[in-house]
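Data block below; observations after.
The values are calculated or read from the model by the stated rules, or taken from the named source; none is laboratory data. What you are looking at is a predicted structure, and each value in this text was computed from that prediction instead of being measured. Reconstructed Cβ throughout: ideal geometry from the backbone, glycine too, with neighbour counts over all protein chains shown.
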Amino acid sequence: MKKLIIALSFLIPFIAFSQKVSLGPEIGVNIIPMEGSDIGQNYQLGYHFGGHLKYHFSEKFKLSTGIFLSQKKKGYSSSTTSSITTLFDDLLGGFGGFDTTGLDSTLNIPGLNTDITESIKGVSSELFIEIPVLANYKYKNVNFYLGPYAGILITASKKEELTTDIPVLDVIDLDALGLGGITTFFLPSSGTETSTISSTNGLRSLDFGFNAGIGYEMNNLHFNLMYSNGLLDYRDNSEGESTENLKLFRFSVAYLFDLEKKDKNGSAKFE
C-alpha cells in the first residue's frame, strides 16, 4: 500500500492542471522474449493495465504518463556436474579411520560415466507498479513515444525444473545387486522435479529503463505498440555474471477522456 501511495503522489501535479489533461484506462499484453532455442526465440505472455494520463502542451506535443501494473518475466538456467565418487567419499569418509584415498581410481572404469549432472531451468515472474514518463509527438492520427520508466517490484514467483542425470544408473542395475534400497539414502535419483516458489528474495526491488513506441489514435481510442528495455540487472546480486535485464514488447488499448476546455468547434482550447 505504501508503494502505491508513493506512486500516486507522482501524478498529482499533472492532475492539478486538469484543463490540459486526458486520462482513462489502458489494458494490454506484454510479449516477453525468453531464452532462445535451436529453432528460434521463445516468448511468453504477461499482462499490463492501469490508468493512462496525457498532459497537452499543444496539439502536437504532449507528455504521457500514468500508473500501471505490469507483469514481466525472465528465463534462467544453470548446470552443475559432480562425480558419484564424491558421494561415496562423503559417505565412507564419515566412518572413522576408513581410508577413501583410492576410491576415485577404483570406480573410474574406462568408458563408465560417473558424473552427476543437475540442470535447472526456471522462469521468474515479477509484478511491478510502473510509472512511465514519455514525450509524445502527434502527427495526424499517429503518436510517437519515447522516455524513461521506473518500476517498483511488489510480488514475484519462480517456477523451476530440476533435472538430475546419472548415466551410471543406466548401466548398473542397483536393484538387481540388492543395493537399491541402500543407495536411496545418499544417492539422488535421475529424473525431473518441478517446484514453484513465491518470493522476491534475490530480485532487485527497483526496475529502471526506457520505452519507445508508436500508436494510432481514433477519437478517444488509442492503440499503442511499445518496446520496453530495462537498464538494471533483474537480480539483486549478479555474482559477477553478465547483466540480465528485463525487456518486452507491449500491445495495449487505451480509452482517454479529454478534460481540457473545448471551444465552440469542439477542439481543445489551451490556456
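Of note, VAL142 satisfies the criterion of being at pLDDT 95 or above and loosely packed, with under 12 Cβ neighbours inside 10 Å.
LEU162 meets the conditions (1) modelled with pLDDT of 60 or more; (2) assigned to a helix (DSSP H, G or I); (3) not basic (Lys, Arg) in every case but one. The failed one is (2).
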